[in-house]
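Colleague: So that we are looking at the same thing, I have put the structure below in structure tokens.
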Amino acid sequence: MSTNQHSDTKEIILTGDRATGPLHLGHYVGSLKQRVALQDIHDQTILVADMQGLTDNAHNPSKVSSNILNVVADYLAVGIDPTKTTICLQSQLPALAELTMYYSNLVSISRLERNPTVKSEIQNKGFERSIPAGFLTYPISQAADITGFNASLIPVGDDQLPMLEQTNEIVRKINSLAGRAVLTECRPLLGNAPRLPSTDGKNKMSKTMGNAINLGASEKQISAAVKSMYTDPSHLKVEDPGKIEGNVVFTYLDAFHPDEEYVCQLKQHYQRGGLGDGTTKKILEECLQEMLRPIRERRTEFLNDKGQLIEILRQGSRTSRERTEKVLFDVKGVFGLNIL
Ligand code: TRP
């Protein structure tokens, strides 16, 4: 898949996060770092997906509402600059909900049921016996998000590829109905960092499973998380040779330690034997503490000024409302509905 970024061809980028919890180190290596770099090159919008967050949390809506500003503070704390990136709130953009309704007529239930990400989420959430309609159809709403901005480049993790595929299917259907290119097909921009495992090494890092290190984690929480990390269970004595594969401490050192050469030496030492888990964990902890301290401090400052966060969202949503309404007008036009 091509991921070329020429500064002379500005692309429209849209990314988003469900506002269901504070963001964590997995988001940082997976997409936030990339977004900070992309905002200097392209026309980037970040959508705080509160409506998508409700598709599986409508019974507990405060899980979404109480995290909206947390997520915005996370963005700003890692260096997303609202003068370069538009940050908007999905529920403030009614055109996206309307687009979802039109697109719903172009997608079959069986197509939605085949979406592998939705399929595994249904299992994980125990929705097998009763799936909320909004949940099954959120890929359509995500297609509305993406096409609503006419976005061509979507920086996401590989779990989101099925959503982009469904988006492009809808784009092709609309364009074929129109007999011309009304909407733009999108392509993913996959991060080059491998997916960060959870601290227990069993899963990917997840907002919902309590195995993540949040960007706002306190010193104590960081320390406890590193101490509990999964290493090599057969590395019992310091002298024993240890394994690197599956050793979460080394995966994190690879992802976050600035000195690759040093990490390489540590790995060799660990594999030879003579390097204890206590020492490798101490090195990782220092590195994470140093990296997260300024992020945590900025995050706290932003959260102490909620008025400013709300103003950023309000302005971003205002600009985005206009943009998405233009696309809605075009799509309604394809169905012949712009008669009044
Ligand atoms: N589905 C994405 C996630 O779970 C969030 C999202 C909503 C999104 N709308 C989007 C991502 C549009 C990219 C583009 O993280």
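The values are calculated or read from the model by the stated rules, or taken from the named source; none is laboratory data. As the structure is a prediction and not an experimental result, all values here were calculated from the model. Cβ placement follows ideal geometry from the backbone for every residue including glycine, while neighbour counts extend to all protein chains displayed. Note: areas computed on protein heavy atoms with side chains; ligands, DNA, RNA excluded. Shrake-Rupley method; radii C 1.70, N 1.55, O 1.52, S 1.80 Å.
Colleague: Go through (1) assigned by the TED database to the domain that holds V29; (2) away from the ligand (no atom under 12 Å from the Cβ); (3) surrounded by fewer than 18 Cβ atoms within 10 Å (Cβ to Cβ) one by one and return the number of the condition N203 breaks.
Modeller: (1)
Colleague: Looking only at the stretch 108-133, filter to residues that are open to solvent by 60 Å² or more (accessible area, probe 1.4 Å), in contact (Cβ under 8 Å) with a residue 12 or more places away in the chain and within 19 Å of E165 (Cα to Cα); which one of those is nearest to the ligand (Cβ to nearest atom)?
Modeller: P116
Colleague: To continue, here is another question. Out of everything in the stretch 139-161 that is part of a helix (DSSP H, G or I) and of a type in the set (V, I, T), what residue ends up being nearest to the ligand (Cβ to nearest atom)?
Modeller: Once the filter is applied, the top-ranked residue is I146.
Colleague: Taking the stretch 138-176 on its own, how many of its residues are within 19 Å of the chain's Cα centre (by Cα), open to solvent by 10 Å² or more (accessible area, probe 1.4 Å) and without any contact (Cβ under 8 Å) to a residue 60 or more places away in the chain?
Modeller: 6
Colleague: Check L47, L32 and return the single one that is crowded, with 24+ Cβ neighbours inside 10 Å, in contact with a Phe, Trp or Tyr (Cβ under 9 Å, 6 or more places away or on another chain) and in a helix (DSSP H, G or I).
Modeller: Of L47, L32, the one residue that is crowded, with 24+ Cβ neighbours inside 10 Å, in contact with a Phe, Trp or Tyr (Cβ under 9 Å, 6 or more places away or on another chain) and in a helix (DSSP H, G or I) is L32.
Colleague: A follow-up question, please. Return only the number of the condition from (1) assigned to a helix (DSSP H, G or I); (2) hydrophobic (A, V, I, L, M, F, W, C); (3) without any contact (Cβ under 8 Å) to a residue 24 or more places away in the chain that L96 does not satisfy.
Modeller: It is condition (3) that L96 fails.
Colleague: How many of the residues making up the stretch 181-207 are over 23 Å from D145 (Cβ atoms) and modelled with pLDDT of 85 or more?
Modeller: Adding up the residues that qualify gives 6.
Colleague: Within the stretch 281-340, track down each residue that is open to solvent by 70 Å² or more (accessible area, probe 1.4 Å), aliphatic (A, V, I, L, M) and without any contact (Cβ under 8 Å) to a residue 60 or more places away in the chain.
Modeller: Across the stretch 281-340, the qualifying residues are L337, I339, L340.
Colleague: Quick test for you: out of V29, V48, V64, pick the one residue that is under 30 Å from V249 (Cα atoms) and either touching a residue at least 12 places away in the same chain (Cβ under 8 Å) or within 13 Å of the ligand (Cβ to nearest atom) (or both).
Modeller: Result: V29 is the single residue among V29, V48, V64 that is under 30 Å from V249 (Cα atoms) and either touching a residue at least 12 places away in the same chain (Cβ under 8 Å) or within 13 Å of the ligand (Cβ to nearest atom) (or both).
Colleague: Criterion first (open to solvent by 20 Å² or more (accessible area, probe 1.4 Å), among the small types (G, A, S) and modelled with pLDDT of 95 or more) does G16 satisfy it?
Modeller: The answer is yes for G16.
Colleague: Looking for whichever is near the ligand (Cβ under 9 Å from one of its atoms) and under 17 Å from R18 (Cα atoms) here; the options are L136, L164. Which one fits?
Modeller: L164
Colleague: Condition first: part of a helix (DSSP H, G or I), touching a residue at least 40 places away in the same chain (Cβ under 8 Å) and not β-branched (V, I, T). Can you find one or more residues in the stretch 83-91 that meet it?
Modeller: yes
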